[in-house]
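A short write-up of the structure that comes next.
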Amino acid sequence: MKIFDMHADIGMDVADKRKSGEKDILAKYHLPKFEEGEIGFINMACFFDGKETLDDALFMLSSLREEIDLNHERIHLSLDGSFVENKLNVIMSIEGMGFLKEGDDALAFVDTMYDYGVRLASLCWNDQNMLATGISGDPRRGLSSLGKAVIQKMNEKKIIVDISHTNEKSFYDISDVCVGAFMATHSNTREKQNVERNLTHQQLKAIASSGGLIGLVAVKKFISSNPNRQNAIELAQHAKAIAAVVGVDHLCIGFDYMDFLKEPFGPQSMGIDLQNATMSQNLLMALATVGFTKEEVEKIAYKNAVRFVSEQLQ
Ligand SMILES: [Zn+2]
């Protein structure tokens, strides 16, 4: 069955490999794995931990966009929520805007990222920056007034707002400011694994009532603290717990595979049977095993995400 993976840090890998002189990185390293895992739709993220500069961000964005364009016969870059058969459907995103520093024009950057093709973005990773506060920042600090203005501008330009990695204060600031739906591309539920990257019931409900989605993440520490349970079945149990709170129509998948990234990321970060994109179908089998019907598995696998992204970008 086809899958929409709502979060993969492909931009970072492309930029790293291009810096060492490689080209055609998508075709060489990624497209074969997506094919094997039946990933038909993917959100390719440009990830920034906050230590970068605006130039670093522009390099990653232009590198990823070039790679996508280079493979236009195999990839459809969706800029307007359209999707096609027989090609890999891609949306481009930014994870964290901590590269914006004093003196950079954050609102002008929203136009710039849009022009590169970005249609989904988060204001912060775990860091605390000029716009927002991630889970490692001051828990009493949320969005800055500039951060709120950036959310408003993203709404105007129909760039989807991602709240994975924000602290709770930033989450509720976004929930207040954002017009329409927002989503968590890669976060599980705290009910099953009580870590800050996962969502409380109240957060799950806020996302669902906005019309947004929650993407199941296959990073082992967000699945379970028990090494024997860091697997697809336990992630499917997160799906059951989330569906019990908000319903199956608000679920999707954002694996966040890191097999291609260097330390401290890398394959050891992932669930046992969810190491890389080739193993993606294991989650769909696990969803069926824990009791989701075929129609429900289809919704979680790609139908909810296709519907949501089409609605948001049109
Ligand atoms: Zn992330």
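A few notes on this one:
- Modelled this way, with points 7 Å down the Cα-to-C-beta line, the labels at GLN268 and LEU58 are 3.7 nm from one another.
- Mean separation of Cα contacts under 8 Å, 6 or more apart, over the residue count of the chain: relative contact order %: 18
- Surrounding net charge for PHE182, when Lys and Arg each add one and Asp and Glu each subtract one, Cβ distance under 12 Å: -3
- Extension reserve of the GLU73-ASP176 stretch, reckoned as 0.36 nm per residue once the Cα distance is removed: 32.9 nm
- Neighbourhood charge, 12 Å Cβ-Cβ cut-off, centred on GLY137 and excluding it, Lys, Arg +1 and Asp, Glu -1: -1
- Label point at ASP16 placed 7 Å out along Cα→Cβ; residues across region 255-277 whose backbone nitrogen lies under 20 Å: 255-272, 274-277
- Members of LYS2/LYS262; LYS51/LYS101; LYS169/LYS205; LYS169/LYS220; LYS158/LYS303 lying beyond 18 Å, as alpha-carbon distances in this model show: LYS2/LYS262; LYS169/LYS220; LYS158/LYS303
- Treating each Cα of region 204-314 as one equal point scatterer and applying the Debye formula with no solvent, the log10 of I(q)/I(0) at q = 0.17 Å⁻¹ comes out as -0.80.
- Point-to-point label distance, ASP49-ASP138, nm (Cα→Cβ direction, 7 Å offset): 2.3
- With a cut-off of 12 Å between beta carbons, the residues surrounding ARG74 carry a summed charge of -4, where Lys and Arg count +1 and Asp and Glu -1.
- Likely footprinting exposure, HIS250, HIS72, fewest C-beta neighbours within 10 Å first: HIS72, HIS250
- Largest mean-square fluctuation among LYS153, LYS28, LYS101, in a Gaussian network model of the chain whose springs join Cα atoms under 10 Å apart, belongs to LYS28.
- Subtracting the Cα-Cα distance of ALA149 and SER82 from 0.36 nm times their residue separation leaves 21.3 nm of extension gain.
- Within a Gaussian network of the chain (alpha carbon springs, distance under 10 Å), most fluctuating of TYR116, TYR29, TYR302: TYR29
- For region 83-193: relative contact order, % (alpha-carbon pairs under 8 angstrom, 6 or more apart): 23
- Beta bridge orientation in the chain: antiparallel %, DSSP, nearest 5: 10
- With contacts taken as Cα pairs under 8 Å at a separation of at least 6 residues, region 255-314 carries a relative contact order of 17 percent.
- From largest to smallest, the equivalent ellipsoid semi-axes obtained for region 3-313 from the alpha-carbon gyration tensor read 26, 24, 18 Å.
Each value in this text was obtained by applying a stated rule to the coordinates, not by laboratory testing. Model, not experiment: these values are computed from the prediction. When we count neighbours, we look across all protein chains shown, and the Cβ atoms used for this are built from the backbone with ideal geometry, even at glycine.
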